[in-house]
Amino acid sequence: FSVPDNVYLLGTMNTADRSVEALDSALRRRFSFVECPSMPKELEKLTYHQFQGIDLSKLLTMINARIEMLLDRDHHIGHSYFMNWGDTDPETKLRQVFKNNIIPLLQEYFYGDPVKIGLVLGDAFVKELKNKEEGKVDFAAAYLKAVDIEPKPRYIFQNVMDPAVVPLQAFKDICDGK
């Protein structure tokens, strides 16, 4: 097997994914690697990098700083989610990026720990169900007296696509470190 001189093989790998650690080691022995960290400053080149008081570079920098404090720098979110939005309304696209990319990624990073996602994004994105009637579960009465059940705190992720539920101020708060 050989590769012609005029062909370059480029591959990407997420170092946070430990399920491919053996493959990663094998590849590192055979190829050279160039780290491509998240570059929030690249977002400043975009025409839409600031809109309605939201600075995408600051937003990504703050999210990554929080992730690094809770996990490590290998879990940073890349700037590519915020690139090539085209003619899409920036607010709509930002909400889509959070809904389809950032929140699912954070749910994977902090599996089963929505409080940490709340630490990264803020309380507008993750809501604790405080009302005992919200999400109430009725247990079989015959066994209920035999067990002392203390309900665990429950959390839901807000509908980020609905401005009435997650206002633009919530995104601004992330930029401002709130």
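The values are calculated or read from the model by the stated rules, or taken from the named source; none is laboratory data. Just so it is clear, the model here is predicted, and its values are computed rather than measured. Note that we place each Cβ from the backbone using ideal geometry, even for glycine, and neighbour counts take in every protein chain shown. Note: areas computed on protein heavy atoms with side chains; ligands, DNA, RNA excluded. Shrake-Rupley method; radii C 1.70, N 1.55, O 1.52, S 1.80 Å.
Being at pLDDT 90 or above, of a type in the set (Asp, Glu) and open to solvent by less than 70 Å² (accessible area, probe 1.4 Å) is the filter here, so list the residues in region 64-85 that pass it.
Matches in region 64-85: 72 only.
Out of all the residues in region 89-103, which are open to solvent by 60 Å² or more (accessible area, probe 1.4 Å) and either among the acidic types (Asp, Glu) or assigned to a loop (DSSP other than H, G, I, E, B) (or both)?
89
Any residue at all in region 64-76 that's touching a residue at least 12 places away in the same chain (Cβ under 8 Å), over 30 Å from residue 111 (Cβ atoms) and assigned to a loop (DSSP other than H, G, I, E, B)?
No: zero hits.
Just to verify a result, which residue in region 126-163, among those that are more than 20 Å from residue 100 (Cβ to Cβ), modelled with pLDDT of 80 or more and outside any strand (DSSP E or B), is most open to solvent (accessible area, probe 1.4 Å)?
Of everything passing the filter in region 126-163, 154 is most open to solvent (accessible area, probe 1.4 Å).
Being open to solvent by less than 50 Å² (accessible area, probe 1.4 Å), modelled with pLDDT under 95 and out of contact with any Asp or Glu (no Cβ under 6 Å at 6 or more places or on another chain) narrows it down to one of 46, 60, 106, so name that one.
Exactly one residue qualifies, and that residue is 46.
Here are the criteria: (1) assigned to a helix (DSSP H, G or I); (2) β-branched (Val, Ile, Thr); (3) over 26 Å from residue 154 (Cα atoms). Tell me which single one residue 34 does not satisfy.
(1)
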